[in-house]
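The values are calculated or read from the model by the stated rules, or taken from the named source; none is laboratory data. On a predicted model such as this, the values are computed, not experimentally measured, just so you know. Don't worry about glycine lacking a Cβ; one is built from the backbone with ideal geometry, like all the others, and counts go over all protein chains shown. Remember, those area values only see protein heavy atoms, side chains included, never the ligands or the DNA or RNA. Shrake-Rupley method; radii C 1.70, N 1.55, O 1.52, S 1.80 Å.
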Amino acid sequence: MKKYLSIILSGLIFLSSFISASAINVHVNNNNVKMDVSPVIVDGRTLVPVAAISNALNSSVSWDESSRTVTITKGDKVISLQLDNKTATVDGQVINLDVPAKSIKGRTMVPVSFIAQAFNEKVEWHASTQTVLINSAAPATLNIPAVQVNPSQTTYKIVRIVDGDTIIIDYNGVEEKVRLIGVDTPESVHPDKTKNNEFGVIASNFSKGYLENKEVSLELDVQERDKYGRILAYVYVGGQMYNKILLQEGMAKVATYPPNVRYVDDFKALEKTAREGNKGLWAYSSDSANISAPTTSIVTPNNSTSSNQYTDESGNGLIKGNISSSGEKIYHMPGMRDYNKTKIDTSKGEKWFKTEQEALDAGFRKAMQ
């Protein structure tokens, strides 16, 4: 009886060293690594199937049954690990491991951080989202607090608006491109010009009107940068998150890229409200799930003019100069909240304008929303 109890206790001690990690995600260059056996944490180290991580890192794997050794090769780099052995070799050099490779559920599991770092990859662990991030070409870490939304905190001058969802800021004397997290506006400056369209120009001009010459603060999520080296951020202007403004004004759709999903529920709710209310670009798309391209030619800037002009195909201005019941002159840009319901009566002095400057020169002020 004592013998059986001893065996059971030994088994329990062995199992206690493993922590279930079914919720752990591994991302290599922003791509989620698919695995047929979930990662596990053993003594504080994350183990993953060798085949899955090797494939994600573009390396090859071989297995020697007689020595129970797995070998991973990428270019001139060769890594060898033996099951249950706390030493490994990298290009013939012996390396001590905190946790050895293990056989779990019929799969060879290896310490993911050791493998990635042996291939000179940048590895990060984010406990809040149980995510391992591996980046092949990660720029230097940014010195930006994880949450920075108070306008009294550090702000950055906007240098240029690239398009609706991308800006360039002056970050301590260096121009940095910032991609807004969780939102996607239609294309306007894509290298493949066939992907650019009127919606993209409208969204880009909306961002220019809202952000140009402003200072913004940044809030980061799990990842600091994407695979293109752009800073990934929630952008705040005047204490308001601009990512949300794009969604509530119908200028963008939700674009979710885990693990950067802190506000995804808020974003989805804002998109749903804008879509159901035919706000902004949703008013001109027959696709209830997409605003990538227009299905009508109504209210689109003429691509042959400068980005500051809004004209239809006949050259007529599309900016609405409205006069309120109190006599206040207000102009509405295409895509703004009240643009569609604003009617222009020229007999009352209301006007159509091609540029914002024309409207300002005529004594009109820009609508708040």
Checklist entry - Roughly what would the spin-label model give for Asn85 and Val189, points 7 Å off Cα along C-beta, in nm? => result 5.4
Checklist entry - Residues of the stretch 59-73 with amide nitrogen under 11 Å from the 7 Å Cα-to-Cβ point of Asn29? => result 59
Checklist entry - Dividing the convex hull volume of the Cα atoms of the stretch 159-221 by its residue count, what figure in Å³ per residue is obtained? => result 91
Checklist entry - Mind listing the phi-derived Karplus ³J(HN,Hα) values for the stretch 65-82, rounded to whole Hz, using 6.51, -1.76 and 1.60 with θ = phi - 60°, and x for any glycine or proline? => result 5, 4, 9, 6, 10, 9, 10, 10, 10, 9, x, 8, 8, 10, 10, 10, 10, 9
Checklist entry - Between their Cα atoms, which of Lys193/Lys348; Lys193/Lys351; Lys177/Lys329; Lys268/Lys366 are more than 31 Å away from each other? => result Lys193/Lys348; Lys193/Lys351; Lys177/Lys329
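In nm, what is the difference between 0.36 nm times the number of residues separating Ser66 and Val264 and their Cα-Cα distance?
On the way: separation 198, 0.36 × 198 = 71.28 nm, distance 4.96 nm.
So the extension gain works out to 66.3 nm.
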Checklist entry - Taking R0 as 56 Å, what's the FRET efficiency between Asn120 and Ser347 from their Cβ-Cβ distance, rounded to 0.05? => result 0.20
Next on the checklist: Can you work out the Karplus-derived ³J(HN,Hα) for every residue in the stretch 226-241? Use 6.51 cos²θ - 1.76 cosθ + 1.60 with θ = phi - 60°, whole Hz, and x for glycine or proline.
Outcome noted: 9, 5, 8, x, 7, 5, 9, 7, 8, 9, 10, 9, x, x, 10, 6
Item to check | Selection from Thr194, Leu246, Val222 lying farthest towards where the dipole of the stretch 181-282 points positive, charges on Cβ | outcome: Thr194
Checklist entry - Straight-line reach from Lys157: which aspartates and glutamates have Cα under 14 Å away, leaving out those fewer than 8 places along the same chain? => result Asp170, Glu175, Glu176, Glu212, Glu215
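In terms of solvent-accessible area of protein heavy atoms at a 1.4 angstrom probe, what is the ranking of Ile72, Ile95, highest value first? Before the final figure, lay out the partial values.
Details: Ile72 0, Ile95 50 Å².
Accessible-area ranking of Ile72, Ile95, largest first: Ile95, Ile72.
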Checklist entry - Using 1/(1 + (r/R0)^6) with R0 = 41 angstrom and r between the beta carbons of Arg160 and Asn96, what's the FRET efficiency to the nearest 0.05? => result 0.25
